[in-house]
Amino acid sequence: MRAERDALADRLRRSEARVKVLFDHSPVPVSVVSVADGRYTYVNRAYCEFYGRPAEYYLGTDPYQVWVEVTLPEEFEAERALFQRIADGEIEHYTIEKCFRLPNDQRAHGELTLTVTRDAQGRMHELVSVTRDLRSLRATQDAQRSLEEQLRRSQKLEVVGRMAGGVAHDFNNRLLIVMGYADMLRSELSEPRLLEMVEQITISAERSAELTKQLLAFSRRQRLSPKSVDVGETLSRMRRMLESLLSEKVELAVELGAAERLFCDPGQLEQVVLNLAINARDAMPSGGRLTLATRDVPPGAPELPAELARTHCVALDVSDTGAGIAAHVLPHIFEPFFTTKPLGLGTGLGLSTVEGIVRQSGGYVSVATREGAGTTVTAAFPVSDAALDLAPAPIELDLEARSGRLGTVLICDDDDAVRKLLADVLAIGSYRVLSACDGQQARALASGAAKIDLLVTDIVMPRTSGTELAAELRAMHPDALVLFVSGCVDPDALSSIQGEEFLAKPFLPAALLKRVREIIDARVSPSESGYHVPRSKPSS
């Protein structure tokens, strides 16, 4: 009988030892509290690592003291009520997700399960706690939510961008007609009252054209002409204009700390500076300080996003001393048409346009803000590669001295009103004009013409595209030049004309005449003059 008891005791000791080894090496924090003594009797290694104190701190310590230390005050009552239900015998365990206070003012999210064990008489014997560390899970969930939000935003921008691109082509055609005929009408009028009316039409159309450009900018569907740009020179040149936009209560400071040049579209860089400056001004209705600062961001800098980790950038920091951006507003500031300004005082395209321009230029945008302490918006562009700046500088042409060189221009556009406007403008410029509504008609006119000096064509047209028509015309008239004019913003269509002459709709008649005259007048053999107009560098 004694031998059986000894054997049973030995098995029990081995079982307890086995359980202790399992708990000691478990990655899950576990503790045991004796109800009779009101003290910790066991904590494993994972428990000490999670809660941040050695085992000696807990063993023999009042668990209530530890509970008060690790529990946020706002969670006291809810958890105390659960423990009371265990003490009253209503439940045997509970699980609660909570934020634990740890040493050095650290925080950790976890899931606490508290279970009671009872003796043979049914009295509470021990309280066993198991803590599940949710920090990595929370980080994963936060990352997943962030990716989902980025995906939703990207999809939203894609939808709006496609809509903007589709509208822009037709809208630009309509604006071209309004601006073109208004400009031609101005030259026919002399009465001041009528001239003022025409001027207002032109101003309204130009503002509408700017709105279209902003729509295309945030959707990243505009055509860029990047080149090496000195950001310091740009800011210095814009300073007087910026000061005129600011109220007397706003102080403007420019701090140039970047030695490198940017590779971007100069006009779009100015648009970024202007939008950010206006946004900062509006954030300081009672006055303050607006700072434009530049600095180098070398490859590997912590602030660089992962996709640009090896890129050398120049950052433009636009800082204000305004009220900062509220936490609930911050996630939406780059959304198109989102604005906190009163109705009629903002389009909601300022920051979305900035982000679109910068990202299309290969850079990144970030925001640092604190309520009551101002905001800094950073727009960073890639540094200019010297190899990209080796194209020969264009030689200025004396256009006035050579304006007598006229020629035959073939126009092809499927929009009747646009085609008529182009023909009227070129006729005023004393060019012989052939006008076609599609590729088939253009081919017929070209085959019957002795010479075609220039083809002016839209890009996107039914049946035969502008690029296809250009190739066919060059086969028939090898010396013919081509100028694409379009309000098209489809990236694939625009990529098909890289290296070609291009004039974006809408434009004024003078701009068309100037470009046509430049192209035709510049076509002089090297033996005659040596003048040439280099093809524009394709946008990246």
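Rule-based calculations on the coordinates, nothing more; no lab input. Bear in mind that the values here come from a model prediction, so they are computed numbers and not experimental data. Cβ placement follows ideal geometry from the backbone for every residue including glycine, while neighbour counts extend to all protein chains displayed.
Taking a 28 Å limit on the Cα-Cα distance, which of the listed pairs Lys227/Lys451; Lys420/Lys451; Lys227/Lys249; Lys227/Lys514 fall beyond it? Pairs exceeding the cut-off: Lys227/Lys451; Lys227/Lys249. With the simple model of a label 7 Å out from the Cα in the direction of the Cβ, Asn104 to Asp170 spans 6.3 nm.
Applied to region 427-439, the Karplus parametrisation 6.51 cos²θ - 1.76 cosθ + 1.60 on θ = phi - 60° returns per-residue 3J(HN,Hα) values of 5, 4, x, 6, 8, 7, 10, 10, 10, 10, 8, 7, x Hz, with x for Gly and Pro.
Beta bridges assigned by DSSP with both partners in region 229-389 are antiparallel in approximately 75 percent of cases.
Overall shape: prolate for region 265-337, with the ratio a/c of the largest to smallest alpha carbon gyration tensor axis at 1.5 or above and a/b above b/c. By DSSP, the beta bridges lying fully in region 223-310 are antiparallel in about 30 percent of cases. In this structure the amide hydrogen of Lys227, modeled in the peptide plane, comes within under 5 Å of the amide hydrogens of Cys264, Asp265, none closer than 5 places in sequence on its chain.
Taking amide H atoms as placed 1.01 Å from N in the peptide plane, the amide H of Val456 lies under 5 Å from those of Leu410, Ile411, Cys412, Leu483, each 5 or more residues away in sequence or on another chain. Semi-axis lengths, largest first, of the ellipsoid equivalent to region 408-521 are 18, 17, 14 Å, with √(5λ) applied to each eigenvalue of the Cα gyration tensor.
Dipole magnitude for region 24-133: computed about the Cα centre from +1 point charges on Lys and Arg Cβ and -1 point charges on Asp and Glu Cβ, it is near 140 debye. Listing Arg118, Arg281, Arg174, Arg13 from fewest to most neighbouring C-beta atoms within 10 Å gives Arg13, Arg118, Arg174, Arg281.
Above 21 Å, the calculated P(r) of region 229-389 contains 44 percent of its Cα-Cα pairs. Taking other C-beta atoms within 10 angstrom as a stand-in for reagent exposure, Val130, Val314 fall in the order Val130, Val314, fewest first.
The amide H of Ala108, built 1.01 Å from its N in the peptide plane, has Phe100, Leu102 as neighbours under 5 Å, considering only residues 5 or more places off or on other chains.
Here, region 1-127 yields an orientationally averaged convex hull projection of 9.3 nm² when only Cα atoms define the hull.
3J(HN,Hα) couplings calculated from phi for region 353-365 with the Karplus curve 6.51 cos²θ - 1.76 cosθ + 1.60 (θ = phi - 60°) are, in sequence order, 5, 4, 4, x, 4, 5, 5, 5, 7, x, x, 8, 10 Hz; Gly and Pro show x.
Computed from backbone phi, the HN-Hα couplings of region 99-107 come to 9, 8, 8, 10, x, 6, 6, 7, 10 Hz, rounded to whole numbers (Karplus: 6.51 cos²θ - 1.76 cosθ + 1.60, θ = phi - 60°; Gly and Pro given as x).
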